Amino acid sequence: MKRIVIVGGGFSATSAAVQLVRRSAAALDITVVEPREHIGGGLAYSSDEPDHRLNGQPGMHSPDPADIGMFARWCDDNGAHAADPAARLANGTTFLRRSVFRKFLQETVARHASWPTGSSIRHLRDRAVDVVPGALAQTVVTAGGAGPRCRQTSACWYWAAA
Ligand SMILES: Cc1cc2nc3c(=O)[nH]c(=O)nc-3n(C[C@H](O)[C@H](O)[C@H](O)COP(=O)(O)OP(=O)(O)OC[C@H]3O[C@@H](n4cnc5c(N)ncnc54)[C@H](O)[C@@H]3O)c2cc1C
């Protein structure tokens, strides 16, 4: 099984993990290294302050560009607009709370954590401190001492096994 380690668990990691799970016919073993309690919130969406709102409409906020309506559908299914009437302006545009988007992202990760193709997303609650190259694999060293391994560096924030 291909192993993928994603360092950091904010929106970018959520988007990458969800798209990999959805697109890959082969089973992927994805580990997200993130010190926060959950994957999804990151810096922008971890705030619980109710006045901290998204800077665009739900249709502009999707972890999968091939499924741009997924947050809007989730909002409809979960009564997000009814629960927050102040989000809607007189012209009909809505600016929901960032914490609502975080909840959506967390649920989205959970929904993709065990996929019918055999792919999985696992949260390693830790902080990456180093990447040590080896002959056959790289090891992502964490502050807690865990060492998820993968084959090659393919972007600045995730590493994919060949
Ligand atoms: C206050 C604020 C509000 C914003 N509002 C919006 C908005 O409404 N709409 C919009 O489209 N964009 C918004 N943005 C832009 C937003 O930052 C990006 O859209 C996106 O959320 C960035 O996600 P990211 O995963 O790249 O980074 P981050 O969200 O910063 O996630 C990085 C993650 O990496 C983790 N991390 C850091 N170092 C390590 C390490 N050594 N090991 C493991 N994990 C580590 C951090 O804990 C963090 O969770 C906002 C940004 C800010 C700062």
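Bear in mind that the values in this text are calculations on the coordinates, not laboratory data. Because the structure is a prediction, the values reported are computed rather than measured. Cβ: placed from backbone, ideal geometry, glycine included. Neighbour counts: every protein chain shown.
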In nm, the gap between the two label points placed 7 Å beyond Cα toward Cβ at ILE68 and SER114 is 3.5
Between ALA27 and ASP76, Cβ-based FRET efficiency (R0 35 Å, step 0.05) works out to 0.65
What does DSSP give for the chain in terms of the percent of beta bridges that are antiparallel, rounded to the nearest 5? 60
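By how many nm would the segment from SER15 to ALA86 grow when fully extended, if each residue of separation counts as 0.36 nm and the alpha-carbon distance is taken off? Each step should come with its number before you reach the end.
On the way: separation 71, 0.36 × 71 = 25.56 nm, distance 2.80 nm.
This chain segment gains 22.8 nm when fully extended.
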Assign one of three labels to segment 2-160, namely rounded, prolate or oblate, based on the Cα gyration tensor with a ≥ b ≥ c the square roots of its eigenvalues; rounded applies when a/c is under 1.5, prolate when it is not and a/b is larger than b/c, and oblate otherwise. prolate
Most exposed to least, judged by fewest other Cβ atoms within 10 Å, PHE95, PHE11, PHE101 sort to PHE95, PHE11, PHE101
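Neighbouring Cβ atoms within 10 Å as the yardstick, rank ASP51, ASP126 fewest first.
Values: ASP51 8, ASP126 17.
Taking fewest neighbouring Cβ atoms as first place, the list is ASP51, ASP126.
Is it possible to state the helix-based mean residue ellipticity at 222 nm for the chain, with each DSSP H run of 4+ residues giving -39500 (n - 2.57), the sum divided by total residues, to the nearest 500 deg cm²/dmol? What is it? All intermediate terms of the calculation are to be shown ahead of the outcome.
Working: 4 runs with 40 residues, N = 162.
Dividing the helical sum by the residues of the chain leaves -7000 deg cm²/dmol.
Please label the shape of segment 2-73 as rounded, prolate or oblate, based on the square roots a ≥ b ≥ c of the eigenvalues of the alpha-carbon gyration tensor (a/c under 1.5 means rounded; beyond that, a/b larger than b/c means prolate, else oblate). Could you put the intermediate results ahead of the total?
Values: a/c = 3.48, a/b = 1.35, b/c = 2.58.
Oblate.
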